[in-house]
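Here is the structure we will look at, set down as C-alpha cells.
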Amino acid sequence: MVRVIMLSPPGAGKGTHSKWLTQRTGATHISSGDLLRAEVECGSDLGRQVASYTERGDLVPDELIFSILAPAVVAAARHTGGYVLDGFPRTMPQALRAAQFGADLALTANAVIYLTAPEEELISRLLDRAQRDGRSDDTLGVIRHRLAVFTKQTAPLVDYYRGRGILIELSTDRPEAEVQADLLDGLQARGLMPPLTAPSRPDHAPSAGANAAEDR
C-alpha cells in the first residue's frame, strides 16, 4: 500500500490529485486543510487557535498540527495500511519530525509527489475557487502571502526529499489525465504500484488514440 506525501504550493492541485490517488489505490486521504477547517468550524479551543493563523495565511504551529494529524495517520495505517498525506509537512522541522514519527511506527512515507504550476496560474485557480466555494481565505492578498510563505518555508523540502531519492516532480499546468498518468508511471517505476494491464479488445475495435477525449 502506498504511503505518499503530496507537496505543492496552494492551487497546484494536491487536493484534486490526492483524492484521485486514494480512489486508485485504496489508501486513506488525509487533508491537513480539511482537518484544520473542521476544528475551526466546530468552535473548539484548538479550532480557535488554528483560526488565528489560517485567517492570515500563516502556517499553523507544529504542536497544534501534530496534535490533529498524528492520530489521523495512525488510524489510516490501521484501517487501510496506507495514506496520501495532503498539505503536510510544510517546513523542515515538520518534515524531520514526521520522518521520525514515521520511523518510530514503521509508517514512513515511500514517495513525495511535488506538484508545480506557474504562479499566475496558481493565483487564477485560487481566485476561481474563492468565487465557486466561498472560501474566505482566498482573497488576493492572502493568496500572495500564502505563496510567499510556501517559497520561504516549504520549498526547501523539495531538495530534502530529492536528496532522499523519493521525490516525484510533476507539472500540473496541463490536463489532469496527463498528470495522473505520469504520477502512476512514477509510482510504478519505484515499485510502489503494479503496472497497469491493458484490457484486451477485438481486432476490429478502434485504437484508444483514435477518439480519445482530452480529460481535464
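Of all residues being surrounded by fewer than 16 Cβ atoms within 10 Å (Cβ to Cβ) and within 17 Å of the chain's Cα centre (by Cα) in segment 161-170, which is farthest from Pro118 (Cα to Cα)? Just the residue, please. Give the derivation first.
Of the residues in segment 161-170, the ones surrounded by fewer than 16 Cβ atoms within 10 Å (Cβ to Cβ) are 162-165, 169.
Next cut, within 17 Å of the chain's Cα centre (by Cα) only: 162, 169.
Values: Arg162: 21, Glu169: 14 Å.
Here the residue is Arg162.
Looking only at segment 103-118, how many residues end up being closer than 20 Å to Ser8 by Cβ and surrounded by 14 or more Cβ atoms within 10 Å (Cβ to Cβ)?
Here is the first cut: in segment 103-118, the ones closer than 20 Å to Ser8 by Cβ are 109-118.
Restricting the remaining residues to those that are surrounded by 14 or more Cβ atoms within 10 Å (Cβ to Cβ) gives 109-117.
Selection size over segment 103-118: 9.
Remark: pairs (first residue in segment 106-134, within 16 Å of Tyr161 (Cβ to Cβ) and touching a residue at least 40 places away in the same chain (Cβ under 8 Å); second residue of a type in the set (Gly, Ala, Ser) and part of a helix (DSSP H, G or I); Cβ separation under 6 Å; 6+ apart in sequence or on different chains) = Thr108/Gly102.
Can you pull out every residue in segment 84-108 that is part of a loop (DSSP other than H, G, I, E, B) and among the aliphatic types (A, V, I, L, M)? First the steps, then the outcome.
As a first pass, look at segment 84-108 and keep what is part of a loop (DSSP other than H, G, I, E, B): 87-91, 105-108.
Correct list: Leu105, Ala106, Leu107.
Right, Thr197: modelled with pLDDT under 95, surrounded by fewer than 14 Cβ atoms within 10 Å (Cβ to Cβ), over 16 Å from Ile5 (Cα atoms) and of a type in the set (S, T, N, Q) or not? Spell out how you get there, then give the answer.
Working: modelled with pLDDT under 95: yes; surrounded by fewer than 14 Cβ atoms within 10 Å (Cβ to Cβ): yes; over 16 Å from Ile5 (Cα atoms): yes; of a type in the set (S, T, N, Q): yes.
Judged against the criteria, Thr197 is a match.
Listed by first and then second residue, the pairs linking a residue in segment 41-67 that is touching a residue at least 40 places away in the same chain (Cβ under 8 Å) to a residue that is of a type in the set (Lys, Arg), with Cβ atoms under 9 Å apart and 6 or more places separating them unless they lie on different chains, are Thr54/Arg37; Gly57/Arg144; Gly57/Arg146; Asp58/Arg146; Leu59/Arg90. When restricted to residues that are buried (at least 17 other Cβ atoms within 10 Å of the Cβ), among the β-branched types (Val, Ile, Thr) and either under 14 Å from Ile123 (Cα atoms) or in contact with a Gly (Cβ under 9 Å, 6 or more places away or on another chain) (or both), segment 134-155 contains 3.
The values are calculated or read from the model by the stated rules, or taken from the named source; none is laboratory data. Owing to the predicted nature of the structure, the values given are computational and were not obtained by experimental measurement. A quick note on method: Cβ atoms are made from the backbone with ideal geometry, for glycine too, and the neighbour counts reach across all protein chains shown.
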